[in-house]
Amino acid sequence: MSTDLVTARRERVLDAMTAAGVDVLVLGRQDNAGYVCGMRRLWTAGTRPFGAGCIVVGATGRVHALSSWDDGIEPPMSFDDLYPLTWNPRIMAASMAAIDGLAGAGRIGVDELTPSFDRAAAHFAPDADVVAADDLMAGVRRHKLPGEVEAIARACRAAWVGAEAALNAGESADPVASAIEALAARGVTVPSSGIRAERRGDGLSVDIGVIRDLYEGGVGGVFVDGRRAGSTALADACRDGATHADLAAAATANDWLVRGLGMGFERPVIGPQVGLGERLEADMVLSVTDGNRRDVIHVTASTPVVLSARP
Amino acid sequence: MSGDGAPVDEVASPAPDPGRMGSERLGRLRAQMRAQGVDGAVLMHGPHVTYATGHVPEAVDASHANHCRAVAIVGAADGPARLHAHGEVGEAVAAGADLGALLWPELDDGAAAVGAAIAEVLGDVTGRRVAVDAVTGAMARTGVLDGAELVDASRVLGPARVIKTADELACIDQSQRHTERAMAEARAACVPGATRAEVAGVFLAALREGESEPGSDHRNEIDPIFQPMPLHRDGGPRTSTGHVAFPTGVDNPVFSEGDLVWVDAGVGWHGYMSDFGCTWVPGRDPNAAERSLFDRWMAVLEASLAAVRPGATLGDVGRAARAVEPDETPWLPQFYLAHGTGLESAEMPIIGTDLGQAFDDGYELEAGMVLVFEPVIWADGVGGYRAEEVVAVTGDGWRRLGRGHHYEPFGT
């Protein structure tokens, strides 16, 4: 990942903090931490208990991260910006207290609220209000930088490697295993939504969701004779200004979902029962599911760009 | 056990009974809630949801898991737990949970429905003690749980989860056996010239072999680690521990004949996590110095296991391990001699961490606890040996979970 992209994302977050009056961000979500610091960490599945994985201090402009080593970090972050893994809440609190600008913070934004962090913050930042800042991060991430769109397109091309391998798997082979091994040969072993491939009559239903260099890519559909079936109407409707009603009218299946895609699952989230007040905007990137078919779409000022087009 | 490698246990645990497992877990959770005066629990962390309802969330990226969270709501009185989940819910049905509509607790326009579901199950929460593992920003902005006294869910889940039922132990045993089988294929692929990801691909594909029931499959929970280690402490990334960095797990190195490769993987079955650790030597036999590391590692493991019994403290076990290697603590400084496993891959009890000796000395082992031993023996210039062994504490000692392995290529 380029240092320029990491720096540009960091600047956006610092600007959003200033606008929201948030002095310090304490981020527990891996994707939020990845956004501000670009650090690649060991991937684990599923939800994690909230912990201070990454700290952004507005006053110093510095980003600090939980790690006992400097592997996987990008400039401008250095070893001196890290605080070590610990099992001991007192040691963690001491690490927090040592971060320049944290003790005097007036407002600390977190991406998830927990009773234990409130209690800990009362010790290392006694004057601080702890406030929800998940919306601050979601707001910044809602619109993609050009470098992010390129990274998503690369991840989509990786997803196609899996899809093609599933399509080319022999009758006796497990198409999912074929996709897994083909992706691994390209160095991709981390799923986003996962790898699905199932034979249905004459067709193969495939949905591949992977993460490559911290960005998600995906594609899905039922393939008959090697060609992908299904309507592109919902993807075509993903234009600047499109409303929930526009998308609902374009969807051909009852189970449709239009959701942000970037460093994983993002905002907006628009589906039959959710996102009624949302409106699409240029520079969003969306995973667009209409029944079995799924594409990744870049919303632009003019026509939508399909990032998951077959390479 | 002997230094020639662990004996192999051919007898698997009996198949778990999902209904019994669900009701026993819920009973243990409620016993803790009542003992601690907790009126209700609103749970959104995957392993907590599984414990309360039997629902096993998919092993997807955290960003997906967060947005498509399942929510479990549990009152302190009897009756089924409530589950609101996206996707497959067959395991929750088998465990006896009561199903509600799917929720979007991350989203501002989804939070009110979370509040309504909580009110439906728990009634008015004003002034009542409610255990939560997390409150999303949307829930906070919407005022869901306002007026309740919130307590950390881990305070009720932790003591309930640390003692495993027979069904939970059977799940860990099966998960470990399946992981061991897939790892045998991965080891054959771990040769000079292969990449980390290629070996991971063989492992992940092999996990699918022998699958049958949807929803009870083996789900990979960690990007599998096959990390070639430096021979010197300062030969890898800079660390704050003075020891080597492990697991970094972010690159895609090509293996070569000189490597010692540390292996670590975790796979869930009905949500229960295996933990496989070993040291592999691509393309050659270990040399005498490397074999000596393994022999010392085995001595630490045997001494540790000899101290495992109900009533022994974590401190007793740690001291037994240190007595074998008095010059240097035989585990990584940022980790532990042993940790538990269950619905998460690093649970209590943990032995030898920076929680300190007083913590270890005050914590007694009980039957039904699980320990994953992972000592490390390091000789600067030679490298290190690391492997893992999963055991359950029994009424009078311990028993292995998983079939066991021969620590190839170091064992027989």
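The values are calculated or read from the model by the stated rules, or taken from the named source; none is laboratory data. Keep in mind that what you see is a predicted model, and the values were worked out from it rather than measured. Cβ coordinates were reconstructed from backbone atoms using ideal geometry, including for glycine residues, and neighbour counts include every protein chain displayed. Remember, those area values only see protein heavy atoms, side chains included, never the ligands or the DNA or RNA. Shrake-Rupley method; radii C 1.70, N 1.55, O 1.52, S 1.80 Å.
Would you tell me the mean number of C-beta atoms belonging to other protein chains that fall within 10 Å of each C-beta in A:183-196, as a whole number?
Shielding by partners across A:183-196 averages 6.
Given C-alpha coordinates of the protein assembly as shown, what is the ratio Rg to Rh with the Kirkwood estimate of Rh? Intermediate results must be reported in sequence, preceding the final value.
Values: Rg = 24.9 Å, Rh = 26.3 Å.
Here Rg/Rh amounts to 0.94.
In whole Å, what is the distance between the alpha-carbon centres of the range B:151-181 and the range A:1-62?
Centre-to-centre distance over Cα atoms comes out at 33 Å.
Let me check I have the definition right: for the range B:180-252, take the eigenvalues of the Cα gyration tensor, multiply each by 5, take square roots. What are those semi-axes in whole Å, largest first? Please list the in-between numbers first.
Working: eigenvalues 174, 44, 15 Å².
Each semi-axis is √(5λ); the values are 29, 15, 9 Å.
I'd like the projected area of the range A:155-311, averaged over all directions, using the convex hull of its alpha carbons. Report it in nm² with one decimal.
Working: hull surface 34.8 nm².
Projected area, direction-averaged: 8.7 nm².
Can you tell me the Rg and the Dmax, both Å, for the Cα atoms in the range B:3-107?
Gyration radius and largest Cα-Cα distance of the range B:3-107: 16.4, 56 Å.
For the range A:1-145, restrict the atom set to alpha-carbon positions and state the Rg and Dmax in Å.
Spelled out, the Cα radius of gyration and Dmax of the range A:1-145 are 14.0, 39 Å.
Once each part is reduced to its C-alpha centroid, what is the distance from the range B:379-397 to the range A:170-231 in angstrom?
So the two Cα centres are separated by 38 Å.
Please report the buried accessible area for the interface of B with A, total over both chains, probe 1.4 Å, in Å² to the nearest 100.
5200 Å²
Assuming R0 = 51 Å, can you tell me the calculated FRET efficiency for the pair B:Ala358 and B:Arg284, based on Cβ-Cβ distance, to the nearest 0.05?
The calculated FRET efficiency here is 0.65.
Taking only the alpha carbons of the range B:90-175, what extent do you get along each of the three principal axes, in Å, biggest first?
Computed over the Cα atoms, the extents are 43, 27, 22 Å.
Calculate, in nm to one decimal, what B:Leu99 and B:Thr126 gain on full extension: separation in residues at 0.36 nm each, minus their alpha carbon distance. Numbers along the way, then the final one.
Details: separation 27, 0.36 × 27 = 9.72 nm, distance 2.46 nm.
Additional length available on full extension: 7.3 nm.
Summarise the partner chain shielding of B:200-207 as one whole number: the mean count of Cβ atoms from other chains within 10 Å of each residue's Cβ.
6
Give me Rg over Rh for the range A:8-61, both radii from the alpha carbons and Rh done the Kirkwood way, two decimal places.
The Rg/Rh ratio comes out at 0.99.
Search the structure for amide H atoms under 5 Å from the amide H of B:Ala338, placed 1.01 Å from N in the peptide plane, and list their residues when 5 or more places away or on another chain.
Distant-sequence amide H within range of B:Ala338: B:Ile351, B:Glu374.
Taking the simple approach of a point 7 Å from Cα along Cα-to-Cβ for both B:Thr241 and A:Arg196, what is their distance in nm?
3.8 nm
With a 1.4 Å probe and every protein chain kept in, tell me what percent of the accessible surface of the range B:96-219 is carbon plus sulfur.
So the carbon and sulfur contribution to the accessible surface is 53 percent.
Over chain B, with a Gaussian network built from C-alpha contacts below 10 Å, which listed residue (B:Leu355, B:Leu204, B:Leu29) shows the highest mean-square fluctuation?
Fluctuation is largest for B:Leu355.
Using only Cα atoms, figure out Rg for the range B:242-299 and give it as a multiple of 2.2 N^0.38 Å.
It is 1.38.
Please report, in cubic angstrom per residue, the volume enclosed by the convex hull of the alpha-carbon atoms of the range A:135-247. Don't skip to the end; give the middle numbers.
Values: hull volume 14.4 nm³, N = 113.
Cα convex hull per residue, to the nearest whole number: 128 Å³.
Average partner chain C-beta neighbours within 10 Å, per residue of B:39-47?
2
Please compute the length gained on full extension between B:Asp17 and B:Glu408, using 0.36 nm multiplied by the number of residues separating them and subtracting their Cα-Cα distance.
Extra length from B:Asp17 to B:Glu408 when fully extended: 137.4 nm.
Could you give the nm distance between label points at A:Ala59 and B:Glu328, where each point is 7 Å from its Cα heading toward the beta carbon?
Modelled inter-label distance: 4.1 nm.
Residues of the range B:284-321 with the amide nitrogen closer than 20 Å to a label point 7 Å from the Cα of B:Val191, along Cα-to-Cβ, please.
B:284-287
Once you've got the GNM for chain A with C-alpha springs shorter than 10 Å, pick whichever of A:Gly101, A:Gly46, A:Gly226 has the biggest mean-square fluctuation.
Per the Cα network of chain A with a 10 Å cutoff, A:Gly46 tops the list.
Return the Rg/Rh ratio of the range B:131-282 with Cα-based radii and a Kirkwood Rh.
Value, to two decimals: 1.10.
In the range B:266-383, what is the volume of the convex hull around the alpha carbon atoms, normalised per residue and reported in Å³?
115 Å³
What's the percent breakdown of Cα-Cα distances in chain B across 10 Å bins, shortest bin first?
Going from the shortest bin to the longest, the percentages are 5, 22, 29, 25, 15, 5, 0.
Comparing A:Pro272, A:Pro49, A:Pro76, which has the greatest mean-square fluctuation in the GNM of chain A with Cα pairs linked when under 10 Å apart?
Top of the fluctuation ranking is A:Pro49.
What FRET efficiency, computed as 1/(1 + (r/R0)^6) with R0 = 30 Å and r the Cβ-Cβ distance, is obtained for A:Ser78 and B:Leu231, rounded to the nearest 0.05?
It comes out at approximately 0.70.
Taking N as the number of residues in chain A, what is its alpha-carbon radius of gyration divided by 2.2 N^0.38 Å?
Numbers: Rg = 20.9 Å, N = 311, 2.2 N^0.38 = 19.5 Å.
Ratio of Cα Rg to 2.2 N^0.38 Å: 1.07.
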